[in-house]
Amino acid sequence: MDSPLRLIAANPVDHVARTVESLLVVASAPLSVHELADAANDDPERIETALGLLRERYSEGRCGIVLEQVAGGFAFRASREAAEACARLFERPVERGLSQAALETLAIVAYVGPCSRPEVARIRGVAADSAVASLVERGLITEAGREGGLGGAVRYRTTPLFERVFGLESLASLPRLDDLGASPEELRDRLLEVAEARAS
């Protein structure tokens, strides 16, 4: 019977996959292929092959954790069926716990941002202070400078956590909105539709 060391030597990609798996477990944020290659002291092509093996191993429906490409890198997340239990453990509401106002505001910041509360309010047709504060508290949006410099309204952008929560590789992965109308009402309706689709 072959020893474990001999099996590792026979399948070096599996050895790399175990190293990548360990790096992703201890990482606090998604890691890119190049970051993984640097940490593993290995070739990016072999890292990509290893990631392919891990994506098959940790796919939705097979394990309690899932490997996904998100926020410009790779990370593990809880499977959908375990999300509510994980949320209870950390006492943080799951993403579908966002209110309609928060979903609308989040969609606007994702598509239009960086943007200010007054801009969000103009698009939504109602004040956005509470929704913006809630999204900042949850870490889904963050400050991104001010309009016109010092003294202007604070502008907001989405965070890597937003991309991670909604399973996006980057903001470019958001559904296209080519059919957006020019009026704030049409914009509001379409952004709400997309936000609800992403959260379901």
15 Å reach of a label modelled at Ala153, 7 Å along Cα-to-Cβ, counting backbone N of segment 112-138 = 112-133
inquiry  = Quick check for me: using +1 on Lys/Arg Cβ and -1 on Asp/Glu Cβ, what's the dipole size of segment 10-52 about its Cα centre, in debye to the nearest 20?
reply    = 140 debye
query = What is the dipole size for segment 4-89, taken about its Cα centre, with +1 at each Lys and Arg Cβ and -1 at each Asp and Glu Cβ, in debye to the nearest 20?
reply = 340 debye
remark   = Taking 55-61, 32-38 and ranking on average Cβ neighbours within 10 Å, highest first, one gets 32-38, 55-61
request  = Work out from phi, with θ = phi - 60° and the Karplus expression 6.51 cos²θ - 1.76 cosθ + 1.60, the ³J(HN,Hα) of each residue of segment 20-35, listed in order in whole Hz, and give x for Gly and Pro.
outcome  = 4, 4, 5, 4, 5, 5, 8, 6, 8, 8, x, 10, 7, 4, 5, 5
note = Of all GluC sites (Glu not before Pro) in segment 97-169, the ones in DSSP coil with at most 14 other Cβ atoms within 10 Å are Glu147
task = Would you please give the FRET efficiency between Arg122 and Ala172, computed as 1/(1 + (r/R0)^6) with r the Cβ-Cβ distance and R0 = 22 Å, to the nearest 0.05?
result = 0.30
note = Counted neighbours (other Cβ, 10 Å), sorted fewest up, put Cys63, Cys115 in the order Cys63, Cys115
key: Ser130-Ala82 FRET efficiency (beta carbon distance; Förster radius 25 Å; 0.05 resolution)   = 0.25
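Each reported figure results from applying straightforward, stated rules to the coordinates on display, with no laboratory input. On a predicted model such as this, the values are computed, not experimentally measured, just so you know. Neighbour counts are summed over all protein chains in view; Cβ atoms, including those assigned to glycine, are modelled from backbone coordinates with ideal geometry.
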